[in-house]
Amino acid sequence: MTRLLLLALALLSSCASRAAAPSGLQSKLEQASTGFHGIVGVHVRHLETGEEASLRADETFPTASLVKVPILIGLFAQIESGKLGYRDKLLTEERHRKRDGEDLVGRFEVGAPTHPAELAMLMCSFSDNSASLWCQELAGGGGAINARLEAAGFPITCVNSRVPGREADYRQWGWGQTTPREMAELLVRLRQRRMLSPAADEEMLRLLSRAYWSGEALSALPPEVHAFSKQGAINRSRSEVLLVESSNGPYVLCVITKEQQDTSWEHDNEGFVLLRTLSRIVYEHFEGDSRWQRPAGSERFH
């Protein structure tokens, strides 16, 4: 009996030691992030095996345009409640056209017709800021979005812009704030059809599957691999969240940086390079038999 007890204790000790040791994926992420001139947050989880790895996964980071995932959920909550129709006719006002840069809504004429479905597409696919601010308004404002997120178990992820009482958070984090784990789990919740309703969650996934900005984490995947994603970037932060339907099972990955020294907007920005590198590491870890490589000259398309 004593020998059996000692054997059981030895086996438990061995299992505990293996659990405490960092996984191969964890070591790869740590090594690839070493020397980065800024702070890196990562969360990755394989949805079938449960394997995961993290770096500062529960620390607060700026969302940049990742905030558009919570805004999307808030918009669809209004549609689900019957307060808004997905194809309701809307007319563009001057106040909807105030964002500069790549915005398409900013090019709309005053009085031009649109609808929530089109605005949601522009927000998710093109990361159009004017469309996103309009969607935030249609969602009932950032305060309503934040309340819904907290009730759903996402206490850190918040919209800060244009939300009374969150002025200090806006100065610190910008439009929104999150953690790598919470942002990743938002996509998991959508895939599991457990955010709003199966129909609403499925439509949101469709919107998140058509990213125009595909030059970073998505570019590390073969084009045949399906993924849902959202990208974000501000001067001192680069970010991307993606849920990948790989042949060996789905996995979710979120990478966010903050306090970057490299504030350039070129393809070789240190944050952009990190997004591509970590995405490739994770894909190859879960798809060990993949021999796909990006063709020479691919960089000129991003």
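No lab work stands behind these numbers, since they all come straight from the coordinates. Bear in mind that the values here come from a model prediction, so they are computed numbers and not experimental data. In this analysis, Cβ positions are derived from the backbone assuming ideal geometry, glycine residues included, and neighbour counts consider all displayed protein chains.
Determine ³J(HN,Hα), in whole Hz, for all residues of segment 193-209 in sequence, where each value follows from phi through the Karplus function 6.51 cos²θ - 1.76 cosθ + 1.60 and θ = phi - 60°; x replaces Gly and Pro.
Coupling constants for segment 193-209: 6, 10, 8, 10, 7, x, 5, 5, 4, 5, 5, 5, 4, 4, 5, 7, 9 Hz.
Applying 1/(1 + (r/R0)^6) with R0 = 35 Å to the Cβ-Cβ distance of Ala168 and Ser27, what FRET efficiency is obtained, to the nearest 0.05?
The computed FRET efficiency comes out at 0.40.
So what's the gap between the Cα centers of segment 208-224 and segment 90-149, to the nearest angstrom?
23 Å
Please list 3J(HN,Hα) in residue order for segment 228-243, calculated via the Karplus relation 6.51 cos²θ - 1.76 cosθ + 1.60 where θ = phi - 60°; whole Hz, with x for glycine and proline.
Once rounded to whole Hz, the list reads 9, 7, 8, 10, x, 7, 9, 3, 10, 8, 10, 8, 7, 10, 8, 10.
Cα centroids of segment 255-302 and segment 36-80: how far apart, whole angstrom?
If we compute the Cα centre of each part, the gap is 18 Å.
In whole Hz, with x marking every Gly and Pro, tabulate ³J(HN,Hα) for segment 183-188 from phi via Karplus 6.51 cos²θ - 1.76 cosθ + 1.60, θ = phi - 60°.
Going residue by residue, I get 5, 5, 6, 4, 5, 4 Hz, with x marking Gly and Pro.
Calculate the dipole size of the chain relative to its Cα centre from +1 charges on Lys and Arg beta carbons and -1 charges on Asp and Glu beta carbons; express the result in debye to the nearest 20.
For this selection, approximately 380 debye.
Find the lysine pairs in the chain meeting two conditions, Cα atoms under 28 Å apart and a separation of 8 or more places or different chains, and report how many there are.
For the chain, qualifying lysine pairs total 14.
Once you place label points 7 Å from the Cα toward the Cβ at Val110 and Thr263, how far apart are they in nm?
Each label point is offset 7 Å from its Cα along the Cβ direction, giving 3.5 nm.
Can you list residues from other chains, or at least 5 along the same chain, whose modelled amide H is less than 5 Å from the amide H of Leu47?
Tyr251, Val252
Compute the distance in nm between two label points, each set 7 Å from the Cα along the Cα-to-Cβ direction, one at Leu91 and one at Leu205.
Once both label points are built, they end up 3.9 nm from each other.
Order of 108-116, 240-248 by packing, highest average Cβ count within 10 Å first?
240-248, 108-116
Report the gain in length on full extension from Arg194 to Ala152: 0.36 nm times residue separation, minus Cα-Cα distance, nm rounded to one decimal. Can you show the working numbers first?
Values: separation 42, 0.36 × 42 = 15.12 nm, distance 0.99 nm.
So the extension gain works out to 14.1 nm.
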